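Written below as C-alpha cells is the structure these notes are about.
The values are calculated or read from the model by the stated rules, or taken from the named source; none is laboratory data. Keep in mind that this is a model prediction, so the values were computed, not measured. FYI the Cβ positions are ideal-geometry reconstructions off the backbone, even for glycines, and counts take in every protein chain you see.
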Amino acid sequence: MSGASRTPEVLEITANAGVVQARQLVRALAQACRLSLVEQTKLITAASELARNTLIYGGGGTMTALLVDEHGRRGVRLVFADQGPGIADVDLALTDGWTSGNGMGLGLSGSKRLVDDFVLDSTPGQGTTVTITKWAR
C-alpha cells in the first residue's frame with residue numbers, strides 16, 4: 001500500500017444481503033491490512049452494527065470501504081452514509097445503553113469503542129454519515 005489510499009469500494013446497503021456483503025468486504029480488507037484476529041473481529045462487529053443501522057434507521061444507504069496509509073500507519077476506513085431522518089440528539093445517541101429500537105444492543109457508543117477513529121455527522125431530515133478507522137498495530 002503506497003500513497004494516501006487505495007481505490008474505495010462502495011456497497012449498497014438496501015437489504016439484509018447488503019449487511020452480509022459489508023461484513024465480508026470488511027473482513028477481506030482487515031486481512032489485507034494485516035489486522036490481528038482480535039482487531040479484525042472488533043472492526044467487523046462495528047461495521048455490522050453500523051451497516052444494520054444504515055439499513056434500519058437510515059432506510060438504506062452505502063458503505064464506502066478503503067485501505068488507508070497515513071503518517072506511516074496502515075488501516076481500514078469505512079464510511080456509512082444514508083439519507084434517512086438523521087439523529088436529533090447525537091450526544092444522547094452516543095450514550096452507553098441508549099437505544100432507539102431493537103438493534104444488536106451494541107449501539108453507536110459500542111461501535112465507537114471498537115475502533116480507533118469515529119466521526120458521526122448527522123443532520124435531522126438530511127441523513128447520517130459515520131466514518132470509522134481501525135489502524136494496524
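Numbers for the structure displayed
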quantity: Condition broken by PHE80, with the remaining ones in (1) under 16 Å from GLY107 (Cα atoms); (2) part of a helix (DSSP H, G or I) satisfied; calculated: (2)
quantity: Subset of region 14-52 (residues that are polar (S, T, N, Q), without any contact (Cβ under 8 Å) to a residue 60 or more places away in the chain and in a helix (DSSP H, G or I)); calculated: ASN16, GLN21, GLN24, GLN31, GLN40, THR41, SER48
quantity: Residue within region 102-116 that is part of a loop (DSSP other than H, G, I, E, B) and either under 14 Å from LYS134 (Cβ atoms) or under 10 Å from the mean Cα position of the chain (by Cα) (or both) present; calculated: yes
quantity: Residue within region 121-136 that is assigned to a loop (DSSP other than H, G, I, E, B), within 15 Å of the chain's Cα centre (by Cα) and within 23 Å of THR14 (Cβ to Cβ) present; calculated: no
quantity: Residues of region 40-65 that turn out to be more than 22 Å from GLY127 (Cα to Cα) and in contact with a strand residue (DSSP E or B) (Cβ under 6 Å, 6 or more places away or on another chain), as a count; calculated: 1
quantity: Count of residues meeting criterion [modelled with pLDDT of 95 or more and of a type in the set (Lys, Arg)] in region 114-137; calculated: 1
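Quick grid of which residues meet (1) at pLDDT 95 or above; (2) aromatic (Phe, Trp, Tyr); (3) surrounded by 15 or more Cβ atoms within 10 Å (Cβ to Cβ):
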| site | (1), (2), (3) |
| --- | --- |
| ALA4 | no, no, no |
| ALA15 | yes, no, no |
| GLN21 | yes, no, yes |
| ALA28 | yes, no, no |
| GLU39 | yes, no, yes |
| GLU49 | no, no, yes |
| ARG52 | no, no, yes |
| GLY61 | yes, no, yes |
| GLU70 | no, no, no |
